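The block underneath contains the structure these notes are about, expressed in structure tokens.
Where a number appears in this text, it was derived from the coordinates with a stated rule and is not lab data. These numbers come from a predicted model, not from an experiment. All Cβ positions, even for glycine, are placed from backbone atoms using ideal geometry, and neighbour counts span all protein chains on display.
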Amino acid sequence: MKILVINAGSSSLKYQIYDMTDESVMASGRVERIGMDSSILTHEVPGRQDMRDVSEILDHVTAVKRVVDILVDPQHGVLSSIHEIEAVGHRVVHGGESFKQSVIVTPEVKLEIRNLFDLAPLHNPAHMMGITAVDANLPDVAQVVVFDTAFHQTMPPKAYLYPIPMVLYRRHKIRRYGFHGTSHYYVSDMAAKLLGKPLNEMKVISCHIGNGASVTAIEGGQSVDTSMGLTPLEGLMMGTRSGDIDPAIVPFTMTKEELTLSEVNSMLNKHSGLMAISGLSSDMREIVQGMDDGDKNATLAFEMYVYRLRKYIGSYAAAMNGFDVLIFTAGVGENSDRLRAAVCEGLTFFGLELDEELNKQRSREARVISKPGSRIQVLVVPTNEELLIARDTYELVREAEKVQG
Ligand code: AMP
């Protein structure tokens, strides 16, 4: 079975086509600048030279048409006919409280995703455009939606409610939802496989540390708490996002600096975090380089970033009454041995012993980086949200086919 995975943004669309017989990626690529002049399609096939094409792609329907065309192109394609695509899986950021797992797209599912536009105004409308574009180009192909929030729907009310008037939850569903759920689930499942232990017998703290960053407490295979909240702004200090701050800073800053709500929103999302403290960059590579060059602000930014992450790990250890496994994933978590070493240095009282050599080794494989005798096992697990989307899509479509006989 060949599964097409799509991650549609407002002006971009990323895709991968998987052969599910061995879960290999046959081709991947992206369309950028949709709706602008000179849209760019980049198409990659393992073992072949990348293809780049600049043309006018005015909407998502045309973008998906171009993707389908390139997949069956005699020179650049990997499929003999579009009928080889048996299902399409979409990443959807917000599933609200309605979606606790991935589902096959139906008219009711589309309506519910539309109802959630308010909770993810930048993301869900774009995902909907992706779904509609597949409807237009591949009308007979089943579609599945996989939600970033779904994995966190197991959180108990004490973790997902905010201590603010309950009427706000009842009326507007203001609560913690959490994000990166597909990644947290994927890496915790991989960790259990690597360690040869059932996930439902483990207490895991999973750190997804990329441009956006979140930590999740996973007990018995279920998310019991996570650091992002109603939106992906809460929690850890990130590249350009503040993470947790005193909420009173918002009205205080608006008054003192005469800022509008949208300006404060932009400040906290785009001009805070590593970028704001270092004054240098939001990219961890440049922060580490700055530290090595003796830049005091870069050093402070790194220390704050590590300190805040370590505090979250400590609080989730308390939330679960201990933990067995600590996982690092995503751009920073997978690649920065400096970050991992600095975080683990302050966690030795848990009986966590990092192996310095294993931590420094570079690899694309999931691996243990703690010492053999360490009470807590520390792992680096490269995340793969697209593969999980392909797997969920494959499973749901196969089940539906069985039911239909
Ligand atoms: P992601 O959002 O998961 O794609 O992560 C992207 C971020 O990972 C970049 O902005 C960098 O800050 C970080 N990153 C990538 N490679 C490295 C590296 N070798 N060392 C430190 N940080 C890295």
Taking only Cα atoms of the chain, the Rg to Rh ratio with Kirkwood Rh works out at 0.97
Long-range amide H partners of GLY235, meaning residues 5 or more apart or on another chain whose placed amide H is closer than 5 Å, are ASP244
The long-range amide H neighbours of SER223, using H built 1.01 Å from N in the peptide plane and a cut-off of under 5 Å, are THR154
Nearest 10, in degrees from 0 to 90: the angle of helix 181-195 to the longest Cα principal axis of the chain is 80 degrees
Gyration tensor (Cα only) of the stretch 270-405 to equivalent ellipsoid, semi-axes in Å sorted down, yields 33, 21, 15
Among VAL88, ALA191, THR383, the residue whose Cα sits farthest towards the positive end of the charge dipole of the chain (+1 at Cβ of Lys and Arg, -1 at Cβ of Asp and Glu, taken about the Cα centre) is ALA191
Here the averaged projected area of the stretch 187-290, based on the convex hull of its alpha-carbon atoms and given in nm², is 8.1 nm²
With +1 at each Lys and Arg Cβ and -1 at each Asp and Glu Cβ, the charge dipole magnitude of the chain around its Cα centre, to the nearest 20 debye, comes out at 940 debye
Here, trypsin sites (Lys or Arg not before Pro) of the stretch 327-405 satisfying both criteria (DSSP loop; at most 14 other Cβ within 10 Å) are ARG362, ARG364, ARG375
Cα-based Rg then Dmax for the stretch 250-344, in Å, read 16.1, 48
Listed by chain and number, the lysines with an alpha carbon less than 30 angstrom from that of LYS203, same-chain partners under 8 positions apart left out, are LYS100, LYS158, LYS173, LYS193, LYS311, LYS360, LYS371
